[in-house]
Amino acid sequence: MEKGPFSVEWLAQSSRGGAREMPGESRPCPLDSAREREAAEPRSPGPAAGPAGAVPGRSRTKFSAAQLQELERSFREQRYIGAGEKRRLAAVLNLSQSQIKTWFQNRRMKFKRQTQDAR
């Protein structure tokens, strides 16, 4: 198939800035050989092979029974944690403030699902 002035191939090249010559003339695209090499290489599942949206690098935190007990106690008292309580829990439980914040967010969602299922 010839690469006419409005063919898909010509438009794709022109959008990349590669079609500066007149339609009908063709020159090899340097990206074509790189794409062919990538397609020929076998893919192995690596860190980027996880579920969509997963952030590689940090593993899941396993909370101890004592940590969970204290977090649950604090959650029963107040569902939304303040900055001071977050700092106190982080220091007492040897966790980061972001871990505390995330646990409370997840616990609120769990509570919401439980109350909706009960209805």
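The values are calculated or read from the model by the stated rules, or taken from the named source; none is laboratory data. As the structure is a computational prediction, the values presented were derived from the model and not from experiment. Here the Cβ positions follow ideal geometry from the backbone for every residue, glycine too, while neighbour counts run over all protein chains shown. In case anyone asks, the SASA skips ligands and DNA or RNA and just uses the protein heavy atoms, side chains included. Shrake-Rupley method; radii C 1.70, N 1.55, O 1.52, S 1.80 Å.
Note down all Cβ pairs under 7 Å where the first residue falls in the range 89-117 and is free of Cβ contacts under 8 Å to residues at least 40 places away in the same chain and part of a helix (DSSP H, G or I), the second is open to solvent by 90 Å² or more (accessible area, probe 1.4 Å) and basic (Lys, Arg), and they're at least six residues apart or on different chains. Filtered contacts from the range 89-117: GLN97/ARG87; ARG108/ARG79.
Counting the residues of the range 60-72 that are open to solvent by 100 Å² or more (accessible area, probe 1.4 Å) and not in a helix (DSSP H, G or I) gives 2.
Against the condition closer than 30 Å to PHE104 by Cβ and either at pLDDT 95 or above or open to solvent by 90 Å² or more (accessible area, probe 1.4 Å) (or both), how does PRO51 come out, does it pass? So PRO51 passes the test. Scanning for something touching a Lys or Arg at 6+ places or on another chain (Cβ under 6 Å) and open to solvent by less than 80 Å² (accessible area, probe 1.4 Å), does the range 73-89 turn up at least one residue? Yes, the range 73-89 contains at least one residue that is touching a Lys or Arg at 6+ places or on another chain (Cβ under 6 Å) and open to solvent by less than 80 Å² (accessible area, probe 1.4 Å).
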